[in-house]
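The next block holds one structure in the form of structure tokens; read it before the comments.
The values are calculated or read from the model by the stated rules, or taken from the named source; none is laboratory data. Because the structure is predicted, anything quoted here is derived from the model rather than measured. No Cβ is skipped: glycine too gets one built from the backbone with ideal geometry, and neighbour counts run over all protein chains shown. In case anyone asks, the SASA skips ligands and DNA or RNA and just uses the protein heavy atoms, side chains included. Shrake-Rupley method; radii C 1.70, N 1.55, O 1.52, S 1.80 Å.
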Amino acid sequence: MKMKTYHVNEEGYYGNFGGAYVPEILYKTVEDLRKAYLPILESEAFRKEYHALLKDYVGRPSPLYHARRLSEKYGCKLYLKREDLNHTGAHKINNAIGQILLARKMGKTRIIAETGAGQHGVATATVCALMNMPCRVYMGATDVARQHVNVERMKMLGAEVYPVESGNKTLKDATNEAIRDWCCHPQDTFYIIGSTVGPHPYPDMVARLQSVISREIKEQLLEKEGRNYPDYLMACVGGGSNAAGTIYHYIDDERVKIYLGEAGGHGIDSGETAATIHCGSLGIIHGSRTLVIQDEDGQIIEPYSISAGLDYPGIGPLHANLAQEHRATVMAVNDDEALRAAYELTRLEGIIPALESAHALGMLPRMKFRKEDVVVLTVSGRGDKDLDTYLAHRYDENLE
Ligand SMILES: *Cc1c(COP(=O)(O)O)cnc(C)c1O
């Protein structure tokens, strides 16, 4: 009998979720990618180049830091996996490097991407500068206006930022426009998707490219704790890529409990939320069957979160399945809980986290640990980009 697995199956599904729902015109392109990605990712040449760049360009391995004051506060042995220390400030670069190497090996000559807050756009523009490839980043016009610094970073890196004026002019609309571009240029263009979303094989491909995170956790825990697994893994989820990377090598290891923090916004009953696992229903979004925040007619409801990187109306099919199968516990962490957690980490450990990452930290007050529990929480990015929001919501006086 085959062991139960939560990884993707041959057809590109995780239980009831996943698949590849793409327009006819993209069928061959997606099929070519599906056939190519595993042989390339597993080839010696790819692995050498990928790991050399992760080491010398990104600065990996990222540290596994024992947070003593936070551990004391929450009554456990808490380690932080420091993806905030990567080049460009978050985990997204791990994936962008992998995909651009894959694009080159497949003979593609042009890169497109979508971005919301601009973090994935910056990571993609960065690797395009590195590899000397033309890059167009689709971004909703609303986001272009409110993420000015990241727009300038992308332009300085040589990317073309294409403002999208349709719909609500945010991430969902930028993604639709990127897919439209892909339909027009399937031959020469590679679409670098920034999270574990989109048609198969993207969710599995992105999870594998981020799995360097859990591979390092295994080695680092063995060195520090004498055993290569924790009792708990914790991460935030937008589309799900930093969480997928954090849990990848532990997904089928039931000794390890998985806790995922999604963006509750103003609360899951407020109508202003991005908590897709709590509030979504089965639908199709951007080529994948998964949970979607939608109304009774299947119209996508605009999500809301204080954190632009979690403000997405879908969720990776892997995570939808982990939640449905009760392999992962998913908590909706509201704006105020995330803000409080960000100030707490800053004051106790001297680390200013990204607002997204603060949604993982925001689960801590609700956990029931034993003193000897080993907990690994991924800090997906650094908070420099969120300073304006932090200063507009001072929580340092409210810390007990
Ligand atoms: C984009 C982003 C996220 C959310 O994306 P996932 O694919 O769910 O990881 C989380 N943290 C940071 C710092 C990000 O930039």
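Return the residues of the stretch 345-369 that are more than 14 Å from the ligand (Cβ to nearest atom), open to solvent by 10 Å² or more (accessible area, probe 1.4 Å) and of a type outside the set (Val, Ile, Thr); say none if nothing qualifies. Correct list: ARG347, LEU348, GLU349, GLY350, PRO365, ARG366, MET367, LYS368, PHE369. Residues that are more than 20 Å from SER307 (Cα to Cα) and more than 23 Å from the chain's Cα centre (by Cα): which helices (runs of 4 or more DSSP H) entirely in the stretch 320-400 hold 1 or more of them? Correct list: 335-349. Among the candidates LEU339, LEU377, the residue that is in the same structural domain as ALA263 (by TED's automatic domain parsing), of a type in the set (A, V, I, L, M) and more than 30 Å from ARG215 (Cβ to Cβ) is uniquely LEU339.
For the stretch 170-194, the tally of residues that are in a loop (DSSP other than H, G, I, E, B) and within 15 Å of the ligand (Cβ to nearest atom) stands at 4. Of all positions in the stretch 195-212, none carries a residue that is more than 16 Å from the ligand (Cβ to nearest atom), open to solvent by 10 Å² or more (accessible area, probe 1.4 Å) and free of Cβ contacts under 8 Å to residues at least 40 places away in the same chain.
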